[in-house]
Amino acid sequence: WLIHLNRKTVTRLLFTRHLSTLLVTRANKGLFLAIFLSFFLFIFISPFIEDLVIPNLFFKDLPAKLLIEIIYLIVFIHFHRRMWAATYDENVKATPTVAVILLLIPIIGFIWMFEFYFGYVKRYRDYIIRYGLESEVLPLPLRGLMFYTLPILISICCLFLMLSLSVPEMEWPFILSGAISYIVFLIIVWETCDSVNSLADAMETSKDNA
């Protein structure tokens, strides 16, 4: 009985020590959504308001466009790194930095995005089960489905883009599929921030109860 108790105590201590080394940083949903939504308006709405005086002064300014694109890229990298890092431990092969770099490499990134988004729901579920966390699990029928939908929509968008190079009539299907893809991405940003924050809360609760 004492041996069994000691083994149980040691196992709990080891688990507690390992849990203390894990850190899930909360995601600022409002900030991410504000920046990504602003970029959506900049890309899809600004072409239709070029005749207005005030937008003209801003959207036709090359340094301003470049600045917006740089800010978007920084936030894009930060968001996806936070997304991968939330479920990262020794059981995940790619580090958050490597995962984001692969996502940015042409052609390789197109293939890697399927693993990145498809795998998030599975990594999230496995992480909860592995550490016995009381966190909300992404349900596949609704919220989790978005993570599977986005790479497919991006693939369709790329197909329309290639077709539009030779068939001008395909430009509008490309714009429409791009807009839909970005809306789904905004939903993913919303769900990812909620899931990451839920995981952070569960981690703090587990540390307090350990």
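General observations
- Taking the criterion of being surrounded by fewer than 17 Cβ atoms within 10 Å (Cβ to Cβ) and modelled with pLDDT under 85, the residues of the stretch 126-136 that qualify are ILE129, ARG130, GLY132, GLU134, GLU136.
- Across the stretch 69-111, the number of residues qualifying as aromatic (Phe, Trp, Tyr) and open to solvent by 50 Å² or more (accessible area, probe 1.4 Å) comes to 2.
- Neighbours by Cβ (under 6 Å, 6+ apart or cross-chain): first from the stretch 100-121, touching a residue at least 40 places away in the same chain (Cβ under 8 Å); second buried (at least 16 other Cβ atoms within 10 Å of the Cβ): MET113/PRO151; TYR117/PHE147; TYR117/LEU150; TYR117/PRO151; TYR120/PHE147
- First in the stretch 145-167 and closer than 20 Å to ILE108 by Cα and touching a residue at least 40 places away in the same chain (Cβ under 8 Å), second anywhere and open to solvent by 50 Å² or more (accessible area, probe 1.4 Å) and among the aromatic types (Phe, Trp, Tyr), Cβ under 7 Å, 6 or more apart: PHE147/PHE118
- Single condition THR87 does not satisfy, out of (1) assigned to a loop (DSSP other than H, G, I, E, B); (2) free of Cβ contacts under 8 Å to residues at least 60 places away in the same chain: (2)
- GLU69 meets the stated requirement of being modelled with pLDDT of 65 or more, in a helix (DSSP H, G or I) and acidic (Asp, Glu).
The values are calculated or read from the model by the stated rules, or taken from the named source; none is laboratory data. Note that the structure is predicted; figures quoted are calculated from it, not measured. Reconstructed Cβ throughout: ideal geometry from the backbone, glycine too, with neighbour counts over all protein chains shown. The protein model used for the area step is the full one, side chains on, heavy atoms only, and it has no ligands, DNA or RNA in it. Shrake-Rupley method; radii C 1.70, N 1.55, O 1.52, S 1.80 Å.
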